[in-house]
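Participant: Quick one: structure below, then a few questions.
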Amino acid sequence: FDPTLVLSGSYGWRVKRRDIGRFLEDVRPETAWSIASDEPLPEDAVAGRTILPAQFNDDAYCASRIRLGVIADRFISGHKLKAMFYVARNAMVLAYADIRDEFDGIPQADRFVRVISGAADIKKVMADLAATPAEDLRADFATFKTACLERFSWDRVGTILADTVQAAADCAGCAGCAGLCPPAPPQRRGCSPGCHTMGCQLASRWEEGGTK
């Protein structure tokens, strides 16, 4: 177990800059903790703290340790890809947004996908993993990782994406389709209940396929 907190993502969006700033403020007193990122963090949020390279492209490095992948975003949307990226790179997931439903029923998910609210929660996770014998920890994480790959099959996801793209191509255009599109369920992300945009159709199909 390597207690390094690893980050992945870009921060061009103001809300993401806000949330990464909140995370760094949460852990600022923990000066001994190592933080690594695959992209430059906002300078005003870093405030002089050393940020290490995440080395996600080094397969051997990632495979040799279990790290802590942080999802600093507080908004609940679009975190599955980042969570699965962390798992694929041998990092358990610490999320400020509650994404536990995405992993419901997956063995060891309650251990390797944790919702956190600050440094105290991170300390608890570090203590739990540090107290686990290395061989047991690696075996448990391997079980979790394999189950994730089976649940989130990219072939299955690809089929959902292809079907959705085809459905959109067959539609004459939602702005003037006069009801030709099938009714859409109430949408997330602030869309109106009657929204038939590509993004909302994709979101509903994703949920129907169990891969939201």
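Participant: List the residues, sorted by chain then number, that are 5 or more residues from residue 91 or on another chain and whose placed amide H is less than 5 Å from its amide H.
Facilitator: Those qualifying (amide H under 5 Å, at least 5 residues apart or on another chain) are 67.
Participant: For segment 11-25, take each phi angle, set θ = phi - 60°, evaluate the Karplus expression 6.51 cos²θ - 1.76 cosθ + 1.60, and give the result in whole Hz per residue in order, putting x for glycine and proline.
Facilitator: Ordered by residue, 3J(HN,Hα) equals 10, x, 7, 4, 5, 5, 5, 4, 6, 5, x, 5, 4, 5, 5 Hz.
Participant: What distance in nm separates the simple spin-label points at residue 64 and residue 17, each placed 7 Å from Cα in the Cβ direction?
Facilitator: Distance between the two pseudo-spin positions: 3.7 nm.
Participant: Next up: Leaving out ligands, DNA and RNA but keeping every protein chain, what accessible area does residue 16 have, in Å² rounded to the nearest 10, with a 1.4 Å probe?
Facilitator: The accessible area comes out at roughly 40 Å².
Participant: A further question follows. What are the residues whose amide H is under 5 Å from the amide H of residue 36, where those residues sit 5 or more places off or on another chain and H is modelled from the backbone?
Facilitator: 5, 6, 7, 52
Participant: Relative to a virtual label point 7 Å from the Cα of residue 117 in the Cα→beta-carbon direction, which members of segment 4-33 show backbone nitrogen distances below 17 Å?
Facilitator: Output list for this probe position: 22-23, 26-27.
Participant: I'd like the Karplus ³J(HN,Hα) series for segment 129-144: coefficients 6.51, -1.76, 1.60, θ = phi - 60°, whole numbers in Hz, and an x wherever there's a Gly or Pro.
Facilitator: 5, 5, 7, 8, x, 4, 5, 5, 5, 5, 5, 5, 5, 4, 4, 4
Participant: Here's another thing I want to ask about it. Give a residue-ordered list of calculated ³J(HN,Hα) values for segment 63-72 (Karplus: 6.51 cos²θ - 1.76 cosθ + 1.60, θ = phi - 60°; whole Hz; x for Gly, Pro).
Facilitator: Each residue of segment 63-72 in turn: 5, 8, 7, 10, 10, 10, x, 9, 9, 7 Hz.
The values are calculated or read from the model by the stated rules, or taken from the named source; none is laboratory data. In this text the structure is predicted, and so the values were computed from the model without any measurement. With ideal geometry, Cβ positions are generated from the backbone for all residues, glycine too; neighbour counts draw on all protein chains shown. To get the accessible areas, we keep the full protein, side chains included, count just its heavy atoms, and leave off ligands, DNA and RNA. Shrake-Rupley method; radii C 1.70, N 1.55, O 1.52, S 1.80 Å.
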